[in-house]
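Shown next, in structure tokens, is the structure this report addresses.
No lab work stands behind these numbers, since they all come straight from the coordinates. Just so we're clear, the structure is a prediction, and the values are computed from it rather than from any experiment. Please note: Cβ atoms are built from the backbone with ideal geometry, for glycine as well, and neighbour counts cover all protein chains shown.
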């Protein structure tokens, strides 16, 4: 029976995206006693509306909040869109502001995109605003990700593999 849970969120809505493949790779690095789930419901989160952020928010928001609250750690892997955070990811995180779901939650961030610097910086600010505990050694920027994954979706770049293993080890040490 798993004794720890890591909840993963891809900033890309496309299941076959590079970011989803990176999260799948990370899942393969985890020991058998870690429960690992890649969230697939980002597209179901409605636009943030403070008027609906009350005792009965939309069910998809409640489900996401509960998954984050119940996880021992969260890992986000995201691309950069138009020099920023993908809209649907930012929207989902906006719903977390009043919930305290991320408060003190050990979190790792991988930005895997063509460039990614702007989204990475912006997302770190958002994670700070929702009181996430971005772990030491828990951030990674992988530029030109498509050149580092083969046609079968395997991470093939030795530096990226090494960096992802280190980030994963740091996350595991945090929740041990």
Quiz item: So for the pair residue 118, residue 43, with labels modelled 7 Å out along Cα→Cβ, what separation do we get in nm?
Solution: 2.5 nm
Quiz item: So for 23, 42, fewest C-beta neighbours within 10 Å to most, what's the order?
Solution: 42, 23
Quiz item: Can you give the relative contact order of region 4-175 as a percent, counting alpha carbon pairs under 8 Å and 6+ residues apart?
Solution: 24 percent
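Quick check: from the Cα gyration tensor, does region 82-176 come out rounded (a/c under 1.5), prolate or oblate? Please report the intermediate quantities before stating the final value.
Working: a/c = 2.39, a/b = 1.35, b/c = 1.77.
The shape class here is oblate.
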Quiz item: To the nearest Å, what is the center-to-center distance of region 138-164 and region 43-115, using C-alpha atoms only?
Solution: 24 Å
Self-check item: Candidates 138, 16, 40: whichever shows maximal mean-square fluctuation once the chain is modelled as a Gaussian network with Cα springs under 10 Å
Solution: 16
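If neighbour count is taken as other Cβ atoms inside 10 Å, put 56, 96 in order from fewest to most. Provide the component values of the computation, followed by the final result.
On the way: 56 9, 96 24.
Lowest count first: 56, 96.
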Quiz item: What is the helix-to-structure angle for 158-175, meaning the angle in degrees between its Cα long axis and the longest Cα principal axis of the chain, kept from 0 to 90 and rounded to the nearest 10?
Solution: 40 degrees
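If you average 1/r across every pair of different Cα atoms in region 45-104 and take the reciprocal, what Kirkwood value do you get, in Å? Display every interim value, and only then the final one.
Numbers: mean 1/r = 0.0809 Å⁻¹.
Across region 45-104, the inverse of the average 1/r is 12.4 Å.
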Exercise. For a footprinting-style exposure proxy, rank 146, 65 by other Cβ within 10 Å, fewest first.
Key: 146, 65
Quiz item: Binned at 5 Å from 0, what are the whole-percent values of the Cα-Cα distance distribution for region 1-121, short to long?
Solution: 2, 11, 21, 23, 21, 14, 6, 2, 0
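I want the antiparallel fraction of DSSP beta bridges within the chain, as a percent rounded to 5.
Of all bridge pairs located within the chain, approximately 10 percent are antiparallel.
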